[in-house]
Amino acid sequence: MARIVDRIQHFLRSPAGRKATERVQRELAKPQTQQKLRGLVTRLSGKRR
């Protein structure tokens, strides 16, 4: 059985994986998405106390 990392790498090299990667990069370039992620990081880091 293939290791999970090997399976992920295989997916990322496939056409579907490249398409998914491009979509994620487009979403991360949006200011709204960046703001949501900053809020998530703030909430998660605040709960570690």
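Please treat every number below as a calculation from the coordinates, not as lab data. No experiment lies behind these values; they were computed from the predicted model shown. Here the Cβ positions follow ideal geometry from the backbone for every residue, glycine too, while neighbour counts run over all protein chains shown.
With the structure loaded, tell me whether VAL24 is under 16 Å from the mean Cα position of the chain (by Cα) and either at positive phi or exposed (fewer than 10 other Cβ atoms within 10 Å of the Cβ) (or both) or whether it fails that test. So VAL24 fails the test.
Put simply, of ARG38, ARG7 the only residue that is assigned to a helix (DSSP H, G or I) and either among the aromatic types (Phe, Trp, Tyr) or surrounded by 11 or more Cβ atoms within 10 Å (Cβ to Cβ) (or both) is ARG7. In the condition set (1) surrounded by 10 or more Cβ atoms within 10 Å (Cβ to Cβ); (2) within 16 Å of the chain's Cα centre (by Cα), PRO31 is compliant with all but (1).
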